[in-house]
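Chemist: Sending over a structure as structure tokens; questions will come in a sec.
The values are calculated or read from the model by the stated rules, or taken from the named source; none is laboratory data. Not measured: the values here are computed from a predicted model. FYI the Cβ positions are ideal-geometry reconstructions off the backbone, even for glycines, and counts take in every protein chain you see.
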């Protein structure tokens with residue numbers, strides 16, 4: 001959870017997951033920002049954001065990076081409380097790869113109390129194995 005002074009309590013799901021990225025993208029396009037994804041009239045979704053970002057769409061890159069930085073704040077808490085060696089990230093946002101993870105690492109390096117909390121830590125996307133018959 002993230003708590004803003006005199007503000008609402010929000011979860012990482014509210015602020016850094018795929019549905020929030022789509023919502024943020026739509027709000028910014030409605031406010032007049034330009035995006036190739038919006039110009040194509042495609043319905044925004046995680047895969048569309050990822051493709052647009054990899055093709056250099058500044059708005060998609062910024063939306064994903066902001067969500068990644070917020071996600072990183074949550075990881076800071078996890079690292080300082082539990083001191084894990086690996087953080088396994090699931091969900092659609094995890095499939096954004098470095099577009100999402102690099103901004104998360106920026107937050108981690110900036111806000112962790114000490115580099116010892118994150119030195120040697122690996123952050124990876126979860127992999128779901130196919131179910132056997």
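Chemist: Inspect segment 69-77 for any residue being modelled with pLDDT under 95, farther than 25 Å from residue 25 by Cβ and surrounded by fewer than 16 Cβ atoms within 10 Å (Cβ to Cβ) and give the result as yes or no.
Modeler: yes
Chemist: Now for a separate question. What are the residues in segment 78-133 that are surrounded by fewer than 14 Cβ atoms within 10 Å (Cβ to Cβ), over 27 Å from residue 60 (Cα atoms) and in contact (Cβ under 8 Å) with a residue 24 or more places away in the chain, if any?
Modeler: 83, 85, 86, 113, 120, listed by residue number.
Chemist: For segment 14-64, list the helices (runs of 4 or more DSSP H) that sit wholly inside it and hold at least 2 residues that are over 14 Å from residue 96 (Cα atoms) and modelled with pLDDT of 85 or more; which are they?
Modeler: Of the helices (runs of 4 or more DSSP H) lying wholly inside segment 14-64, those with at least 2 residues that are over 14 Å from residue 96 (Cα atoms) and modelled with pLDDT of 85 or more span 18-30.
Chemist: Sort out which residues of segment 82-96 are out of contact with any strand residue (DSSP E or B) (no Cβ under 7 Å at 6 or more places or on another chain) and farther than 21 Å from residue 115 by Cβ, and write them in order of number.
Modeler: 90, 91, 92, 93, 96
Chemist: Can you pull out every residue in segment 76-106 that is in a helix (DSSP H, G or I) and more than 11 Å from the chain's Cα centre (by Cα)?
Modeler: 76, 77, 78, 79, 80, 81, 82, 106
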